[in-house]
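Quick notes on the structure that follows.
The values are calculated or read from the model by the stated rules, or taken from the named source; none is laboratory data. Keep in mind the model is a prediction, meaning the values are calculated, not measured. Methodologically, a virtual Cβ is constructed for each residue, glycine included, from the backbone with ideal geometry; neighbour enumeration extends over all protein chains shown.
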C-alpha cells in the first residue's frame, strides 16, 4: 500500500507540473512550436527530478554511514582524552545520524 501511495504521489507531482506548465504557457504568448518545446522541456525536468530521488537518498545514506564511521573512530581513538561532555556530544551525533539513516532506509523501502 505504501508503494502505491508513493507511486500516486509521483504521478500527482508529474500531473501538477504538467498542468502548471500548460497554464503558464497560456499566459505567455509564444508560437505553437515554442509552446510544445516548453511543455516537453518542463516535463523532462520533472521526470529527471522524480528519477533522481533514489540516487539522492542513496548518496545521503552513504554520507551518514561515513559520518558514523568517522565519529566512532574518533571516539575509539580519543576515548581516554575526551571529556565526558565531548563523549556525550559524539554519542549524540552518532545517534542522530543513525536515526536519520533508519528514516531514509524506511523511505527507500517504501519506494520499492
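Before moving on, here are some points about what is shown:
- Just one of the listed residues (42, 36) is touching a helix residue (DSSP H, G or I) at 6+ places or on another chain (Cβ under 8 Å) and surrounded by 12 or more Cβ atoms within 10 Å (Cβ to Cβ), namely 42.
- Test: residue in the range 3-26 that is out of contact with any strand residue (DSSP E or B) (no Cβ under 6 Å at 6 or more places or on another chain), outside any helix (DSSP H, G or I) and modelled with pLDDT of 65 or more: no
- Selection count, the range 45-77, where residues are over 30 Å from residue 15 (Cβ atoms) and in contact with a helix residue (DSSP H, G or I) (Cβ under 8 Å, 6 or more places away or on another chain): 8
- In the range 75-112, the residues that are outside any helix (DSSP H, G or I) and more than 19 Å from residue 60 (Cα to Cα): 78, 79, 80, 81, 82, 83
- Cβ-Cβ under 6 Å pairs, at least 6 apart or on other chains, the range 38-51 side farther than 10 Å from residue 17 by Cα, far side in a helix (DSSP H, G or I) and modelled with pLDDT under 70: 38/25; 50/10
- Single residue of the range 71-91 satisfying the filter (free of Cβ contacts under 8 Å to residues at least 12 places away in the same chain and surrounded by 11 or more Cβ atoms within 10 Å (Cβ to Cβ)) that is nearest to residue 55 (Cα to Cα): 89
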